[in-house]
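Q: Quick one: structure below, then a few questions.
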Amino acid sequence: MSSLQQTFNDIFKKENNIPEEYKVPVIHQREYLLNGELVPWNGDVQEIYSPVCIPTENGLERKLLGSVPSIGPKEAMDVLDACVKAYDNGLGEWPTMSVENRIKCMQKFVYLMIKERDLIIRLLMWEIGKTLPDSTKEFDRTVDYINQTIDALKDLDRESSRFQQAEGTIAQVRRAPLGVVLSMGPFNYPLNEIFTTLIPALIMGNTILFKLPKHGVLAHYPLLKAFQQAFPKGTVNTLYGKGSEIITPIMESGKVNVLAFIGSSKVANGLKKLHPKVNRLRAILSLDAKNAAIVTKNANLDVAVSECILGSLSFNGQRCTALKLIFVQQDVAEEFTKKLTAAVSAMKGGLPWEKDVKITPLPELNKPNYLKECLDDALSKGAKILNENGGYNEESFFFPAVVYPVNSDMKLYHEEQFGPVIPVVPFETIEEPIDYQVNADHGMQVSIFSEDALEVSKLIDPFVNLVSRVNINCQAQRGPDVFPFTGRKDSAEGTLSVFDALRSFSIRSLVAAKITDSNKELLNTIVRDHDSNFLSTDYIF
Ligand code: G3H
């Protein structure tokens, strides 16, 4: 056995060596949520396989986790109709419900969701290969996000619970829902990222068409009943199946008012173009990114290395916010790459629930081959893999590779690798990384590593106009969730944060009247008798 095999030969374990507490039952889901019912499904199904492989007599095989419905265009249109009916042009039970009562429904949902915590965390590990600490964090962060959203909506409602007067007119201004929201999200944060759009969209009074992600779909199964029990019928409806077959007719119907999509700009653009009345469609999008790190000769290299490792390899580099290209100034390139290589070599690969494991199997079937193509391209153009075992691949497992020196002729300079490969680009003058960002199609974030105040300021000023967040001496990231999360160019449309998302999924609507004695009396009566959910001065505690 070679030393390489010895290093990695125990990545995948026989099933009887997997601790009972981390196992999941096989789930064959044969229902979907439509108009408040869990409707039985007897048609085509899609099997769900784990990135975790099991050694068998035929070699390593991805473990079968279960299956989900693969609905067709006809059923998809029924799902759309249920959503449209529940919204009922804004006259439905949910869009006209008081904010206080919508909050109560959401609190019930969180209560039911927390009961499923353990199973959902285990399903996240098995379905997408996320480590136990990160899967736990994804669940808990999502619960926090929902609770923060409830608090933010209370604040928003309190601010809107009074009348304003101007130029002889009295008005009450509130935020009202937009309509039917199609919510689609990615596999890397199948719970958290989808809920950062779905939950604010829902609580603002919209009705939801929820297209489940390809990987991370079973993790939502335990929540279907929670949606069913917490919200009025038709408020949340689920869609499973091939996007090209079921989403196309839904968009072509023109009945979707908001597209909430996290994925590639190519897919998002295609979806938007299907809508017959583009001006009626609001899009909240989180798209392509290839965030750069810039390590100058004035950086604290230990800080730079540890943050670049976190930034480029957390969840195997499968984060939209990941650092996907590292620029390092020539003067410190050797020392930096040496430290970076040592840190990567020390990382432990294994299964998601194993202690101290940082590198885990990848869910996307074609990802290892794509990463190999990127490496071959870079090697053929003069780069080297600096770390021992860099690029080692066995089925879904891919050990990270530090690639150096990368230049603009290589795929790794331009393409969003979304995986465990760290391209490092040496540079002489600071104009070079600025030039990269100017010419890039995306503009999400940058991380600057330097301890020289003047140098940092000279970088902040151009970069704040090229990207949407400049991180100083730390990795790129979305959180804290109260901060705005957005991007320029092909990276995003709209802004998300706990507070901003409530605005993104609503529109201001106001009731206005001339200040006359009879109007004052009229408005006072409506408010006193609680005749309207909108026109009200009630204060939510
Ligand atoms: O994939 C994109 C996620 O929103 C990134 O979130 O930076 O907190 O890991 P994060």
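Q: Exactly one of (1) more than 16 Å from the ligand (Cβ to nearest atom); (2) touching a residue at least 60 places away in the same chain (Cβ under 8 Å); (3) closer than 11 Å to Leu325 by Cα is unmet by Asn407. Its number?
A: (2)
Q: Okay, moving on. Which residues, taken from region 244-295, are within 15 Å of Leu178 (Cβ to Cβ), of a type in the set (S, T, N, Q) and at pLDDT 95 or above?
A: If the condition is that a residue be within 15 Å of Leu178 (Cβ to Cβ), of a type in the set (S, T, N, Q) and at pLDDT 95 or above, then Asn257 is the only one that fits.
Q: From Leu362, Leu323, Leu351, grab the single residue that is touching a Ser or Thr at 6+ places or on another chain (Cβ under 6 Å), among the hydrophobic types (A, V, I, L, M, F, W, C) and farther than 23 Å from Asn298 by Cβ.
A: Leu362
Q: Please work out which residue is nearest to the ligand (Cβ to nearest atom), limiting yourself to region 309-355 and to residues that are more than 23 Å from Pro426 (Cα to Cα) and aliphatic (A, V, I, L, M).
A: It comes out as Met347.
Yes/no matrix, rows are residues, columns are (1) of a type in the set (Val, Ile, Thr); (2) within 30 Å of Ile18 (Cα to Cα); (3) part of a helix (DSSP H, G or I):
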{"site": "Gly311", "(1), (2), (3)": "no, yes, yes"}
{"site": "Val328", "(1), (2), (3)": "yes, no, no"}
{"site": "Phe336", "(1), (2), (3)": "no, no, yes"}
{"site": "Pro352", "(1), (2), (3)": "no, yes, no"}
{"site": "Leu371", "(1), (2), (3)": "no, yes, yes"}
{"site": "Asp376", "(1), (2), (3)": "no, no, yes"}
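Q: Also, I was wondering about something else. Out of (1) in contact with a strand residue (DSSP E or B) (Cβ under 9 Å, 6 or more places away or on another chain); (2) touching a residue at least 12 places away in the same chain (Cβ under 8 Å); (3) surrounded by fewer than 19 Cβ atoms within 10 Å (Cβ to Cβ), the odd one out for Lys154 is which?
A: All conditions pass for Lys154, except number (1).
Table: residues versus (1) free of Cβ contacts under 8 Å to residues at least 12 places away in the same chain; (2) crowded, with 22+ Cβ neighbours inside 10 Å; (3) touching a strand residue (DSSP E or B) at 6+ places or on another chain (Cβ under 9 Å).
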{"position": "Val438", "(1), (2), (3)": "no, no, no"}
{"position": "Ser450", "(1), (2), (3)": "no, yes, yes"}
{"position": "Lys458", "(1), (2), (3)": "no, no, no"}
{"position": "Pro462", "(1), (2), (3)": "no, no, no"}
{"position": "Val470", "(1), (2), (3)": "no, no, yes"}
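Q: Still on this structure, I have one more. Report yes if some residue within region 108-125 is within 16 Å of the ligand (Cβ to nearest atom) and assigned to a helix (DSSP H, G or I); otherwise report no.
A: Checked against the condition, which is being within 16 Å of the ligand (Cβ to nearest atom) and assigned to a helix (DSSP H, G or I), region 108-125 yields at least one hit.
Q: Looking at Val173, Val180, which one is away from the ligand (no atom under 16 Å from the Cβ) and surrounded by 20 or more Cβ atoms within 10 Å (Cβ to Cβ)?
A: Exactly one of Val173, Val180 is away from the ligand (no atom under 16 Å from the Cβ) and surrounded by 20 or more Cβ atoms within 10 Å (Cβ to Cβ), namely Val180.
Q: Among the residues of region 456-515, which ones are of a type outside the set (A, V, I, L, M) and more than 23 Å from the chain's Cα centre (by Cα)?
A: Filtering region 456-515 down to residues of a type outside the set (A, V, I, L, M) leaves 457-458, 461-463, 465, 468-469, 471, 473-475, 477-481, 483-491, 493-495, 497, 499-500, 503-506, 508-509, 514.
Hits for region 456-515 are Ser457, Lys458, Asp461, Pro462, Phe463, Asn465, Asn473, Arg508, Ser509, Lys514.
Q: Further question on the same structure: Would you be able to tell me the number of residues in region 358-373 that are surrounded by fewer than 22 Cβ atoms within 10 Å (Cβ to Cβ) and of a type in the set (A, V, I, L, M, F, W, C)?
A: Number satisfying all stated conditions: 1.
Q: Just to be sure, is Pro426 touching a helix residue (DSSP H, G or I) at 6+ places or on another chain (Cβ under 9 Å), closer than 29 Å to Trp126 by Cα and at pLDDT 95 or above?
A: no
Q: Among the listed residues Gly205, Gly216, identify the single one that is part of a loop (DSSP other than H, G, I, E, B), in contact with a helix residue (DSSP H, G or I) (Cβ under 6 Å, 6 or more places away or on another chain) and within 16 Å of the ligand (Cβ to nearest atom).
A: On inspection, the qualifying residue turns out to be Gly216.
Q: Output the residues belonging to region 277-308 that are of a type in the set (Gly, Ala, Ser), surrounded by 18 or more Cβ atoms within 10 Å (Cβ to Cβ) and not in a strand (DSSP E or B).
A: Ala289, Ala299, Ala304
Q: Which of the residues that make up region 266-276 are surrounded by fewer than 19 Cβ atoms within 10 Å (Cβ to Cβ) and within 16 Å of the ligand (Cβ to nearest atom)?
A: Correct list: Val267 only.
Q: Considering each residue of region 219-248, count those that are of a type outside the set (A, V, I, L, M) and in a helix (DSSP H, G or I), and give that number.
A: Of the residues in that region, 11 qualify.
Q: Just checking, which of Ala333, Ala343, Ala322 is in the same structural domain as Glu451 (by TED's automatic domain parsing), aliphatic (A, V, I, L, M), buried (at least 23 other Cβ atoms within 10 Å of the Cβ) and at pLDDT 95 or above?
A: Answer to the selection: Ala322.
Q: Scan region 179-197 and report the pairs whose first residue is under 18 Å from Leu502 (Cβ atoms) and whose second residue is among the small types (Gly, Ala, Ser) and more than 11 Å from the ligand (Cβ to nearest atom), with Cβ atoms within less than 6 Å and a gap of 6+ or a chain change.
A: Val181/Ala201; Val181/Ala260; Ser183/Ala260; Thr197/Ser183; Thr197/Ala260
Q: Taking region 489-541, which residues are of a type in the set (S, T, N, Q), over 16 Å from Arg175 (Cα atoms) and either surrounded by fewer than 19 Cβ atoms within 10 Å (Cβ to Cβ) or free of Cβ contacts under 8 Å to residues at least 60 places away in the same chain (or both)?
A: The answer is Thr495, Ser497, Thr516, Ser518, Asn519, Asn524, Thr525.
The values are calculated or read from the model by the stated rules, or taken from the named source; none is laboratory data. Worth saying up front: this structure is predicted, and the values here are computed from it rather than measured. With ideal geometry, Cβ positions are generated from the backbone for all residues, glycine too; neighbour counts draw on all protein chains shown.
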